[in-house]
Amino acid sequence: TDLAMRNIFVSPPEPPADFLLYDPTNAIYIGKTKLLAMPFYWTYMRTTNPHIAVVGISGSGKSYFIKTFLLRASYIWGANAFIIDWAGEYKEWVKQSGGKVLSMGKGAFLNLLDLGGMRPYDRIKQVVRSLEILTDIGKYPEQRRLTEQALEKCYLVAGFKMDSFKQVDSLGKELTPPTLKDVQRHLDELLESGTYEFPAELENAIYRVKQFTKEGQDYFAQQSTIKLEEVLNSGLVDFDVSGLPDEVFRGLAALSMLQFIKEKMRMEGWAHTKGIKLFVVLDEAWKIAKDDNSDAVMIVREGRKYQFSLIVGSQNPTDISENIFSNVGTTFIFRVKFERYLNFLQNTLNFSDYIRHDVSSFGVGECAINMAFQTSLRFSETFLLDKVDGEEPLIEYFL
């Protein structure tokens with residue numbers, strides 16, 4: 001007992017150097033550990049999967065860490081990054097870093113009925129599921145059925161084959177997809193015909209669709225100006241949804257892009273070589289990250305096989321679906337003050353009271369890191385980082 005009380009015989013709550021250090025040409029430097037000042041390099045080769053959760057109060061350093069991480073991932077692995085930017089906080093940084101900004105509500109349009117390589121039947125299911133996540137249409141089965149039928153009718157009228165992945169006309173030219181305005185037109189015609197037995201349900205279904213087709217708010221009812229193939233292979237891309245009018249519009253934009261990304265991931269198939277093609281960043285998108293039916297959950301479950309990684313950030317750890325939180329390979333915990341959130345993190349990640357005390361009093365940039373290593377462990381999976389050693393894009397000043 002006397003010997004154990006002496007610090008020299010006590011193993012510090014940090015992984016051994018072999019688990020912290022890695023080839024700097026094939027790993028991302030994050031910072032130095034708090035106790036032994038050991039450099040920590042993150043690599044997907046050490047964890048069970050490449051997905052990352054980042055939690056902490058506003059101003060604790062979450063966004064700064066994500067920016068640093070993405071820049072270094074681009075330098076080292078040549079990985080692309082797609083940021084779903086809820087509040088528009090990344091766009092200036094992306095511009096400075098030489099990336100591409102797509103601003104929904106400020107010139108960019110996304111046709112909700114674009115197929116993105118899917119069959120029309122599959123896309124219809126995705127659109128309706130998105131509406132169920134973001135609105136209460138799931139409580140009204142008749143309105144849901146009317147919307148599904150109208151979507152199917154519009155694809156058929158436009159010459160689409162409902163069970164085919166390839167959509168071309170008799171001359172081999174790619175077909176132009178219908179839009180939500182076509183869906184509204186079909187429902188209006190059905191109402192005017194006077195043959196439908198539940199006109200009140202039909203009127204409510206039309207009202208729901210009209211929310212997305214009004215002049216000045218038809219961001220999802222025009223042909224797309226966003227080309228998915230270009231977006232996912234353009235290095236650093238910021239998908240800014242802050243210009244959209246409310247959470248439903250923002251959520252619909254985010255879910256649609258996640259759905260297109262997920263389908264592209266599956267079409268490209270299983271990757272024989274290790275590596276990461278694309279980091280998808282979902283920051284403060286609580287309505288999307290929290291729902292178990294969200295496509296973010298599917299990317300977390302399947303992404304490792306296809307070289308896709310999800311980085312999900314939130315001020316409130318309980319705003320992240322348990323299906324996501326339980327499947328991420330690495331969690332970065334910046335300052336968390338609220339006791340209920342600390343309880344959730346401690347119970348979920350099983351770290352000590354010593355770590356908990358530090359998490360509640362962190363300064364800006366300080367964090368705890370929990371990693372699910374690939375090997376069996378005889379040491380703590382959660383350790384403290386002195387601070388994130390950040391990365392800033394070079395800004396040119398002209399006099």
Would you please list the contacts, defined by Cβ atoms under 7 Å and residues six or more apart or on different chains, that run from a residue in the range 143-157 that is closer than 16 Å to Tyr196 by Cα to a residue that is in a helix (DSSP H, G or I) and among the polar types (S, T, N, Q)? Gln143/Asn204
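Being farther than 21 Å from Ile276 by Cα, among the β-branched types (Val, Ile, Thr) and at pLDDT below 90, is that true of even one residue in the range 112-133?
Looking for residues that are farther than 21 Å from Ile276 by Cα, among the β-branched types (Val, Ile, Thr) and at pLDDT below 90, one finds at least one in the range 112-133, hence yes.
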Can you pull out the residues in the range 98-112 that are outside any strand (DSSP E or B) and among the polar types (S, T, N, Q)? Asn111
Note on the range 317-373: residues outside any loop (DSSP other than H, G, I, E, B), under 14 Å from Lys34 (Cβ atoms) and of a type in the set (D, E, K, R) are Asp358
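Hey, does the range 339-351 have a residue that's under 23 Å from Lys67 (Cα atoms) and in contact (Cβ under 8 Å) with a residue 24 or more places away in the chain? Working first, answer last.
Looking only at the range 339-351, we keep the residues that are under 23 Å from Lys67 (Cα atoms), and these are none.
Within the range 339-351, not a single residue is under 23 Å from Lys67 (Cα atoms) and in contact (Cβ under 8 Å) with a residue 24 or more places away in the chain.
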If you check Asp2, Asp23, which single one turns out to be modelled with pLDDT of 90 or more and acidic (Asp, Glu)? Asp23
So which of Leu115, Leu70 is in a helix (DSSP H, G or I) and touching a residue at least 12 places away in the same chain (Cβ under 8 Å)? Leu70
Here is a list of conditions, (1) surrounded by fewer than 23 Cβ atoms within 10 Å (Cβ to Cβ); (2) under 26 Å from Gly98 (Cα atoms), and Met267 meets all of them except one; can you say which number that is? (2)
What single numbered condition from (1) within 21 Å of Asp240 (Cα to Cα); (2) out of contact with any Lys or Arg (no Cβ under 7 Å at 6 or more places or on another chain); (3) not hydroxyl-bearing (Ser, Thr, Tyr) fails to hold for Leu146? (1)
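Which residue out of Thr213, Thr225 is among the hydroxyl-bearing types (Ser, Thr, Tyr) and exposed (fewer than 13 other Cβ atoms within 10 Å of the Cβ)? Don't jump to the end; show me each part of the working.
Numbers: Thr213 fails: exposed (fewer than 13 other Cβ atoms within 10 Å of the Cβ).
Residue meeting the stated conditions: Thr225.
Looking only at the range 130-164, count how many residues are among the β-branched types (Val, Ile, Thr), closer than 17 Å to Asp188 by Cβ and crowded, with 20+ Cβ neighbours inside 10 Å. Write out each step before concluding.
Start the filter on the range 130-164 by keeping residues that are among the β-branched types (Val, Ile, Thr), which leaves 133, 135, 137, 147, 157.
From what is left, the residues that are closer than 17 Å to Asp188 by Cβ are 147, 157.
Applying the additional criterion that residues be crowded, with 20+ Cβ neighbours inside 10 Å yields 147.
Selection size over the range 130-164: 1.
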Please work out if Phe332 is under 23 Å from Met257 (Cβ atoms) and buried (at least 17 other Cβ atoms within 10 Å of the Cβ). no
Within the bounds of the range 311-323, is there any residue that is of a type in the set (Asp, Glu), out of contact with any Gly (no Cβ under 6 Å at 6 or more places or on another chain), at pLDDT 85 or above and not assigned by TED's automatic domain parsing to the domain that holds Gly61? no
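Yes/no per residue for (1) out of contact with any strand residue (DSSP E or B) (no Cβ under 7 Å at 6 or more places or on another chain); (2) closer than 30 Å to Gly78 by Cβ; (3) without any contact (Cβ under 8 Å) to a residue 60 or more places away in the chain:
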site: Thr213; (1), (2), (3): yes, no, yes
site: Gln223; (1), (2), (3): yes, no, no
site: Asp240; (1), (2), (3): no, yes, no
site: Gly243; (1), (2), (3): no, no, no
site: Ala253; (1), (2), (3): no, yes, no
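Restrict the check to the range 185-202 and report whether at least one residue is more than 26 Å from the chain's Cα centre (by Cα), of a type in the set (Val, Ile, Thr) and buried (at least 17 other Cβ atoms within 10 Å of the Cβ).
First pass over the range 185-202, keeping only residues more than 26 Å from the chain's Cα centre (by Cα): 185-202.
Still in the running and of a type in the set (Val, Ile, Thr): 195.
Keeping just the survivors that are buried (at least 17 other Cβ atoms within 10 Å of the Cβ) gives none.
No: the range 185-202 contains no residue that is more than 26 Å from the chain's Cα centre (by Cα), of a type in the set (Val, Ile, Thr) and buried (at least 17 other Cβ atoms within 10 Å of the Cβ).
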Selection from the range 273-310 of residues in a helix (DSSP H, G or I) and either closer than 20 Å to Lys67 by Cβ or not assigned by TED's automatic domain parsing to the domain that holds Ala372 (or both) yields Ala289
Mind listing just one residue for me: the one in the range 7-18 that is modelled with pLDDT of 85 or more and surrounded by fewer than 19 Cβ atoms within 10 Å (Cβ to Cβ) and, of those, farthest from Thr375 (Cα to Cα)? Ala17
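The values are calculated or read from the model by the stated rules, or taken from the named source; none is laboratory data. Source: prediction; values computed, not measured. Virtual Cβ from ideal backbone geometry, glycine too; neighbours counted across all protein chains shown.
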